[in-house]
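Here the structure is laid out as structure tokens; the discussion comes afterwards.
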Protein chains: 2
Amino acid sequence: MLELKNLPDEHILKKFADRYEDADIQKVLRFLTLLHVATDLSNGLDRYLGSHALLQGRWWVLILLMREDEGISTPSSLAEKAGVSRATMTGLLDGLQRDKLVTRMVAPKDRRQTLIKLTGKGQAKLDEVMPDYYRRVKQLMAVLTEEEGQALQKVLLKLSQHAEIFD
Amino acid sequence: MLELKNLPDEHILKKFADRYEDADIQKVLRFLTLLHVATDLSNGLDRYLGSHALLQGRWWVLILLMREDEGISTPSSLAEKAGVSRATMTGLLDGLQRDKLVTRMVAPKDRRQTLIKLTGKGQAKLDEVMPDYYRRVKQLMAVLTEEEGQALQKVLLKLSQHAEIFD
DNA sequence: TGCAAATAGTTAGGTAGCTAACTATAGTGA
DNA sequence: TCACTATAGTTAGCTACCTAACTATTTGCA
């Protein structure tokens, strides 16, 4: 996602609105602000994870594995839960395996499958990263009042139900 | 950004909260929902732009050029305004130039610089894409009441002022 | 039973992002 | 003036995403 350092000021938006009649300046600003702020926060999260030699993709795979009893899953299941293609998951697992944070094993029941297991080193990496991650998220979201936090959640869910407007 | 198809349910978050004491379940859910919904909307926007042989990065460069009088800028300036590295901008401009949506010219004043100009074909591409983009954004944001829209904007700006919490 | 369809995973090739290192040019100060 | 520093842009090599095409295996049904 593009970061959009400079959101358009209202003057520029008006120039566009003159050429493109359907533009609703306030609504466009809100839409771009949502993408912009989320990208900022996502980049911030990546900076934090990067300081522990992780990035969001790999970090999320470790979390999905920790959610499982035994810390075992399959590439397909992980891809579906992370919302990425199986091809992308292959690449993420290659990196995690190289760093010995997960292992690949052949599944005895179905020889098409590969079982992915969180290693001790992988669990240790999560134990290193998660406490501070939770502290920072708590600190960030605490800048909102409880009412604001609830309102944000409600409004976001409402928008997410209409993301297919772009299809 | 990772899409997080399945946000954690409260049961799983509790398992994590037991191991990592500082976790605040509600706040983490709100944070992840923000990233998740913004990613969904960003992907939707990319699907729409993709149907016109554009993606967010290239589309945004065209918009930045149209903001300029004469439709002229430089790679450095575009990179700064788009919030990407100059290396990334080189790649975006390579693609746009290949599709003849922009042209590169040597700057007469400073021979280190390259001037980037929006072509007629580039402006035509914007004229093809923007009206429907504005219609769809208007339609999407109209699912919120005016009060909800204002509250969203306010809360997002508040959060963006604390994105450095991850540093 | 045996072959077609479905599924699991990988590979190949594309876009979009990054940092670090490089070249060319411009500016500056002893 | 001339060497140092700063700036503009590109290249190289990395991560992470995609789709399409491929291999191996399993499933299902005629």
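The stretch B:13-100 holds helices (runs of 4 or more DSSP H) entirely within its bounds, and those carrying 3 or more residues that are open to solvent by less than 20 Å² (accessible area, probe 1.4 Å) and farther than 24 Å from residue B:133 by Cβ map to B:25-50.
Here residue A:52 passes the criteria (1) at pLDDT below 90; (2) more than 9 Å from every other protein chain (Cβ to nearest Cβ) except the one numbered (1). Name the residue that is nearest to the other protein chains (Cβ to nearest Cβ), counting only residues in the stretch B:108-119 that are modelled with pLDDT of 95 or more and open to solvent by less than 60 Å² (accessible area, probe 1.4 Å). Going through the qualifying residues, I end up with B:118. If the condition is being open to solvent by 50 Å² or more (accessible area, probe 1.4 Å) and within 8 Å of chain A (Cβ to nearest Cβ), then the stretch B:128-140 contributes B:135, B:138, B:139.
For the stretch A:76-96, indicate whether the set of residues that are within 15 Å of residue B:32 (Cβ to Cβ) and at pLDDT 95 or above is non-empty.
No, there is no match, as no residue in the stretch A:76-96 is within 15 Å of residue B:32 (Cβ to Cβ) and at pLDDT 95 or above.
When A:32, A:49, A:65 are screened for being in contact (Cβ under 8 Å) with a residue 24 or more places away in the chain, within 14 Å of the chain's Cα centre (by Cα) and at negative phi, only A:49 passes.
Here's the yes/no breakdown for (1) more than 13 Å from residue A:65 (Cα to Cα); (2) charged (D, E, K, R):
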residue	(1), (2)
A:107	yes, no
A:110	yes, yes
A:122	no, no
A:129	yes, no
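The set of residues in the stretch A:141-156 being part of a helix (DSSP H, G or I) and more than 7 Å from every other protein chain (Cβ to nearest Cβ) consists of A:146, A:147, A:150, A:154. Please go through the stretch A:103-126 and pick out each residue that is touching a helix residue (DSSP H, G or I) at 6+ places or on another chain (Cβ under 7 Å) and within 11 Å of DNA strand C (Cβ to nearest atom). A:104, A:114, A:116, listed by residue number.
If only residues of the stretch A:82-107 that are among the hydroxyl-bearing types (Ser, Thr, Tyr) and within 9 Å of DNA strand D (Cβ to nearest atom) are counted, the one that is farthest from the other protein chains (Cβ to nearest Cβ) is A:90.
The values are calculated or read from the model by the stated rules, or taken from the named source; none is laboratory data. Everything numeric here is computed off the predicted structure, so don't read it as measured data. Virtual Cβ from ideal backbone geometry, glycine too; neighbours counted across all protein chains shown. Accessible surface is based on the protein model in full, side chains and every heavy atom, while ligands, DNA and RNA are left aside. Shrake-Rupley method; radii C 1.70, N 1.55, O 1.52, S 1.80 Å.
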